[in-house]
Amino acid sequence: MSSKRQFLVAATIAASVLLIAPRVASAALVSFQQGVSGYAGTDDTMLASWAGAPSLSFGGRPNFDVGSFSTSSTARSNGLVRFDLTSLATMFPGGYTVNSATLRLTTSNVAFNSSASGNVQAILLDNANAGWVEGTSVGGAEASVSVWHRRLTGTDTTNNGPGSETWTGGSGAAGSDGGTVLGSAAMVTTLNTAIDIDLGASLSFIDTWASGGTNGGFYLRAEDLSASAGGRQSFFSSEDPTVGGRPELILDVTAIPEPSSFVLLLGALGMFAGLRCRK
Ligand SMILES: [Ca+2]
């Protein structure tokens, strides 16, 4: 091969690598948090069982409680959080792999967990309950939203009480009601503290949500509601004025190169191999 041709081959390889380099991204953290970079895809609310609360909406409250402040079945509250992830496809037009996912919640009240220890569970809500609606009320009656007793007020007409509501699996029953337990994290006794829940290794639900499939979000509850040590933790919601404390979903994502990049890469490697063989 002439030196001129060798130069052309080397230049082609270099140009190909330059074209490929920005597309073959290393793992990157992608965050979804209400109000950050224009993101407005969070829904969150609380389901509460205490006197008077089971039929009330808390979707507009700047925080939500998870757990129980006594062993009574009428002292419980659970959280629901959903993130719209359909913008992932725009961020990674060539596709992506989700390596890990973390749900970060920040404490807004620890009065009922000042000494007790317990775990907050993040549960993948069963698709049968995916039609929950956040609402905008701060503890008032509201039509067609989700409350403790009913998945949708005015639509689900049977009021069976905590543990046997029209929610599939019940919104207050002990055990893994609501769906698959993804992960848990210990409650803390300090205010304004972030707790991270690792959502485990089975993350195909992220792809489903990103592609616009059924998205019921996360159901948050204390791991042991039957014991006083189960604890109760309050977290800032997406309505809180302080953006940094709102629920955050953090994904560790690796971009997949677009097919055109693979062609360039294979072409460059093929030319390089040819160059090596002719030496
Ligand atoms: Ca809310």
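The values are calculated or read from the model by the stated rules, or taken from the named source; none is laboratory data. As the structure is a computational prediction, the values presented were derived from the model and not from experiment. Note that we place each Cβ from the backbone using ideal geometry, even for glycine, and neighbour counts take in every protein chain shown.
Some values worked out for this structure:
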| quantity | calculated |
| --- | --- |
| Residues within region 124-135 that are within 15 Å of the ligand (Cβ to nearest atom) and either loosely packed, with under 14 Cβ neighbours inside 10 Å or within 18 Å of the chain's Cα centre (by Cα) (or both), tallied | 3 |
| Yes/no for ARG232 being at pLDDT 95 or above, among the basic types (Lys, Arg), under 23 Å from the mean Cα position of the chain (by Cα) and buried (at least 17 other Cβ atoms within 10 Å of the Cβ) | no |
| Unmet criterion (only one of (1) within 16 Å of the ligand (Cβ to nearest atom); (2) at pLDDT 95 or above; (3) surrounded by fewer than 22 Cβ atoms within 10 Å (Cβ to Cβ)) for ARG104 | (1) |
| Failed item, numbered, when ALA222 is tested on (1) touching a Gly at 6+ places or on another chain (Cβ under 8 Å); (2) at pLDDT below 95; (3) over 21 Å from SER77 (Cα atoms) | (3) |
| Single residue of region 49-100 satisfying the filter (basic (Lys, Arg) and within 16 Å of the ligand (Cβ to nearest atom)) that is nearest to PHE236 (Cα to Cα) | ARG61 |
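So that you can scan it fast, the table gives a plain yes or no per residue for (1) at pLDDT below 95; (2) not assigned by TED's automatic domain parsing to the domain that holds ALA210:
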{"position": "ILE20", "(1), (2)": "yes, yes"}
{"position": "GLN34", "(1), (2)": "no, no"}
{"position": "GLY41", "(1), (2)": "no, no"}
{"position": "PRO54", "(1), (2)": "yes, no"}
